[in-house]
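Shown next, in structure tokens, is the structure this report addresses.
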Amino acid sequence: IDIENSISKHQEDGEIYCVAATTSPRRGICFTPDDPIVKELLNSETIVGQNFVLHDQWWFKHKGYDIPNTTKIYDTRYLGKLLNPDTPNDLVYLTGEFASPPIRGYWKTKQEYKTNKEGIACIDVDATLRVFHGQMEKIANNGQTKIVEDYIVPMSKVVFDMRWAGMKINKEVMD
């Protein structure tokens with residue numbers, strides 16, 4: 001899943017223009033944010049996204065969309081940090097490093113692309129899914145699958161909840 005949104009520092013003031021999704025490489029489809037399929041997508045058993053926890057999920061929450069606690073969220077940015085913590089784990093880097101099947105000539109424009117948000121979103125979900133496939137292959141080969149399933153995926157929920165609610169420390173129970 002990927003969103004394209006208005007350029008705004010505050011999600012509550014901005015808008016989601018489109019929500020893109022894919023289930024297989026070389027495919028992508030965009031929906032308007034009010035399309036009922038968006039809620040179905042967010043109620044999926046598994047969500048794969050690039051920078052999903054820090055960006056897309058934050059926008060969804062501000063716009064009143066909830067993702068069930070049971071949904072497993074695989075954020076390719078977090079998986080990239082596991083595989084290579086010293087690199088920028090943006091989609092351009094991750095696509096060049098992990099996309100499976102590879103994408104020839106993938107780019108992420110630095111220019112304005114307001115007139116083609118749906119096209120960009122569809123390209124991005126395709127790239128994200130390919131990156132995820134390549135990352136999971138590498139993670140399995142490295143013997144790191146348990147780390148992903150037992151720590152990274154569950155911690156992404158904690159990270160989001162802490163960001164949303166603010167971190168609270170109970171000083172009475174601290175040692």
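Please treat every number below as a calculation from the coordinates, not as lab data. Remember, it's a predicted structure, so these values are computed and weren't measured experimentally. Ideal geometry is used to build each Cβ from the backbone, glycine not excepted, and the neighbour counts take in all protein chains shown.
Which pairs break 28 Å Cα to Cα here: K61/K168; K63/K117; K63/K168; K61/K138; K81/K168; K72/K168?
Too far apart for the 28 Å limit: K61/K138.
Taking only alpha carbon atoms, the chain gives an Rg to Rh ratio of 0.98, where Rh is the Kirkwood radius.
Restricting attention to the chain, close to 65% of DSSP beta bridges with both partner residues there are antiparallel.
The charge dipole of the chain, taken about the Cα centre with unit charges on the Cβ atoms of Lys, Arg (+1) and Asp, Glu (-1), comes to about 340 debye, rounded to the nearest 20.
Candidate membrane-span-like segments in the chain, meaning DSSP H helices with Cα atoms spread over at least 24 Å of their own axis and a Kyte-Doolittle mean of -0.5 or above, are 117-142, with no membrane implied.
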